[in-house]
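Heads up, the thing below is written out as structure tokens.
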Amino acid sequence: MCYSAQVWADFHKYERLGGQMNIQAFVKLVGWARRQGNWIKTVPKATRQALAQAGDAALAAMAAEAEQEAAKAVQEDIDFQQQRLDKAEEKLASPKPTKAAANDKRIATDKIEAGRGKLASLGKPASADGIDRIWPGHFAPVLMRDPVTGERVIVPMRYRCRLPGWTEADEREKPGTYNARRDKLTTVWRKLLGSRHALMVVDRFYESVWLHANQQRELVPGEREQNIEILFTPKPRQELYVACLWNHTEGEGDDPGFYSFAAITSDPPHEVAIAGHDRCIVAIKPENIDAWLRPDPKNIAASLAILDDPVNLYYEHEIAK
């Protein structure tokens, strides 16, 4: 099942926790996303907007240009689909209409509608609170400690960790590494535990669960499994400091390399379990932030103790709209 969350997507918010923006890392992200043509696909709107208003003039200009290029690409696709639609309608109005033309009309109509929706979305400002939703594969600001200087820094990381030694093929084979299970930390995640710790600040989180599990029943004969999405919100409402592990993949050729991360999850509290989900993010106590970001690789037990003493929370849940 896929986990997503409402996070601090505006890097300025992490400055409250003493983080300084790693400008070089953000410049690399913007340049890479522009070349790949996935600026709006992989970077949340709040982050895109914050970068376009960044204090660094060169970075702000790059982000603004990336936004303009993305809008231009969407409009070009709309124009292409409109031509496709016109040809299809012309064929359908002829004495010999074809199934292919009908199919082209359907596809072009859907893509034009989707493209116009994207343009409309691009024209709207991000949420004023700087919070946005991320999915596995998205890049978002994450707080970490610089291994060289020891200072807290804000780095854009992809939400799906590429483990040390992994290739892109390895990642495709095992795409679930946005979730670092508590019971796998000393095995699967041992090369990152105790050395590469980070924090993601979450407002609430979502999970896909099976409908029958949410309804606390077994499947009836002939019934197929059906996904629904559940929104979990902490009560009382508060910011959650989610423990994460990160890695950096070195670049090759024109690829500048990238940071990636996973959120640590553990067994769920009762109210999450009865909603149909078997995992829950680990929100650490504010007083443990510094210790988490400054782990002692010779004292793994201390890091695990922080995870095993999370904030005591109750999560309200509802079916996401």
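Values quoted throughout were computed directly from the atomic coordinates according to the rules given, and no laboratory measurement underlies them. All figures in this text were calculated on a predicted structure; none of them were measured in a lab. We place every Cβ from the backbone using ideal geometry, glycine too, and count neighbours over all the protein chains shown.
Summary of values
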quantity: Share of Cα-Cα pairs in the chain lying beyond 27 Å, as whole percent; calculated: 51 percent
quantity: Segment 249-266 residues near the modelled Asp170 label - backbone nitrogen below 13 Å, point 7 Å along Cα→Cβ; calculated: 249-250
quantity: Ranked list, fewest to most other Cβ atoms within 10 Å of each Cβ, for Asp203, Asp79; calculated: Asp79, Asp203
quantity: Order of Ser4, Ser303, Ser208 - criterion: other Cβ atoms within 10 Å of each residue's Cβ, fewest first; calculated: Ser208, Ser4, Ser303
quantity: Cβ-based exposure ranking for His197, His317, in which fewest neighbours within 10 Å come first; calculated: His317, His197
quantity: Sequence-distant aspartates and glutamates (8 or more away, or on other chains) whose Cα lies within less than 14 Å of Lys45; calculated: Asp10, Glu67, Asp129, Asp132
quantity: Paramagnetic reach from Ile300 in segment 177-191 [backbone N under 11 Å; point 7 Å along Cα→Cβ]; calculated: 184-191
quantity: Ellipticity estimate at 222 nm from DSSP helix runs (n ≥ 4, -39,500 (n - 2.57)) divided over the chain, nearest 500; calculated: -10500 deg cm²/dmol
quantity: Residue-span extension gain [Lys321 to Thr186] - 0.36 nm each, minus C-alpha spacing; calculated: 44.9 nm
quantity: Fraction in percent of alpha-carbon pairs per bin - 10 Å, segment 92-218; calculated: 9, 23, 26, 22, 13, 6, 2, 0
quantity: About the Cα centre, charge dipole magnitude for segment 160-319 (Lys/Arg +1, Asp/Glu -1 at Cβ), debye; calculated: 400 debye
quantity: Additional length obtainable on full extension of the chain from Asp290 to Gln83, 0.36 nm per residue less Cα span; calculated: 68.8 nm
quantity: For Ala66, net neighbour charge (Lys/Arg +1, Asp/Glu -1) across residues whose Cβ lies under 15 Å away; calculated: +4
quantity: Rg/Rh (Cα only; Kirkwood hydrodynamic radius) as it applies to segment 160-319; calculated: 1.02
quantity: Nearby lysines by direct alpha-carbon distance to Lys91 (threshold 27 angstrom, same-chain neighbours under 8 apart not counted); calculated: Lys99, Lys105, Lys111
quantity: Entries in Lys174/Lys235; Lys184/Lys298; Lys41/Lys184; Lys28/Lys184; Lys118/Lys321; Lys13/Lys41 that, when Cα-Cα distance is taken, lie over 27 Å; calculated: Lys174/Lys235; Lys41/Lys184; Lys28/Lys184
